[in-house]
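Colleague: Supplied in structure tokens, the structure appears directly below.
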Amino acid sequence: MERLAVNPTRMELSRLKKRLRTAMRGHKLLKDKRDELMRQFLETVRLNDTLRRKVEHGLSESYGGFASAAALMSPELLAQSFLYPKQRLGVEMSFKNIMSVNVPQYHFLTETDDSSDIFPYGFAATPAELDDSVLRLQRTMDDLLRLAECEKTVKLLAKEIEKTRRRVNALEYVMIPQLQETIKYITMKLDENERANTTRLMKVKDMVLEQAHNYN
């Protein structure tokens, strides 16, 4: 691993050791964040799969009921039944924070307090199949909204997991090894300088003693 281009001084060694400690703490925190994001991601994927199957089943049953009702009613009467909707719907969005990721939460807003007030027609002229289909579709809409929420959450979590994984790898395979290699290099240089200074001091001492006592 290529080391950093720094001067081999004690001050630089102290600074790099602090950077290494900070990098190792950051690496641990990012790994914990990545693991928790993965857990949340897998839970959301499982919920998404369950909701998708439930929504597909509900829509299939609802459309089947509409087809049966259409066979029992004239096209004009069927179109007239839904000509003037009784309930207006809106969607409100809020956010929930999951490990620094803001994921959306959707909620239906109804025009009246009674969300089941959805039939825009009288029951006398319509078959029961139509009523059942409308009810099935109304129940499925809640799951459909949750499914949209889950799919958006999965995309946002996957993006954050990838970003966190890159940061973890950069610390683990680039920054931390570089710092460790540079610290090792500076330590060796300082030890080498210390040995050289000790050797020079011993040589000077021998020369002083030789001059003082006329040693040969």
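Colleague: If R₀ is 35 angstrom, what is the calculated FRET efficiency for the pair ALA67 and LYS96, using the beta carbon separation as r and rounding to 0.05? It would help to have the intermediate numbers written out before the result.
Modeller: On the way: r = 39 Å, r/R0 = 1.10.
Rounded to the nearest 0.05, the efficiency is 0.35.
Colleague: Using 0.36 nm per residue of separation minus the Cα-Cα distance, give me the extension gain between TYR173 and GLU43 in nm, one decimal.
Modeller: Values: separation 130, 0.36 × 130 = 46.80 nm, distance 2.94 nm.
Net length gain for the segment: 43.9 nm.
Colleague: Using alpha carbon centroids, what distance separates the range 52-98 and the range 141-197, in Å?
Modeller: Centre-to-centre distance over Cα atoms comes out at 48 Å.
Colleague: Right, here's the next one. Compute the FRET efficiency between TYR106 and ARG25 as 1/(1 + (r/R0)^6), taking r as their Cβ-Cβ distance and R0 = 35 Å, and round to the nearest 0.05.
Modeller: After rounding to 0.05, the efficiency reads 0.40.
Colleague: Let me ask something else. Using a cut-off of 13 Å between beta-carbons, work out the net charge of the residues near ALA67 (Lys and Arg +1, Asp and Glu -1, ALA67 not included).
Modeller: -2
Colleague: Counting other beta carbons within 10 Å of each Cβ, put PHE41, PHE95 in order, fewest first.
Modeller: Ordered by Cβ neighbours within 10 Å, fewest first: PHE95, PHE41.
Colleague: A further question on this structure: Say a paramagnetic label sat at a point 7 Å from the Cα of GLU56, along Cα to Cβ; which residues of the range 136-152 have their backbone N under 12 Å from it?
Modeller: Label zone hits: none.
Colleague: Can you give the extra length, in nm with one decimal, that the chain gains between THR9 and LEU89 once fully stretched, where that is 0.36 nm per residue apart less the Cα-Cα distance?
Modeller: That pair, THR9 and LEU89, stretches by 21.8 nm at full extension.
Colleague: Which net charge results for the neighbourhood of ARG52, defined as the other residues with beta-carbon distances under 13 angstrom from its beta-carbon, given Lys and Arg at +1 and Asp and Glu at -1?
Modeller: Numbers: positive: ARG46, ARG53, LYS54, ARG146; negative: ASP49, GLU56, ASP143, GLU149, GLU151.
That sum, taken over residues with Cβ under 13 Å, equals -1.
Colleague: Separate question: D for the range 25-112, whole µm²/s, Stokes-Einstein with Kirkwood Rh over alpha-carbon pairs at 4 °C and 1.567 mPa s: what number?
Modeller: This corresponds to a translational diffusion coefficient of 74 µm²/s.
All of the numbers you see were taken from the coordinates with simple rules; none came from a lab. Please read all numbers here as calculations on a predicted model, not as lab measurements. Note that each Cβ is placed from the backbone with ideal geometry, even for glycine, and that neighbours are counted across all protein chains shown.
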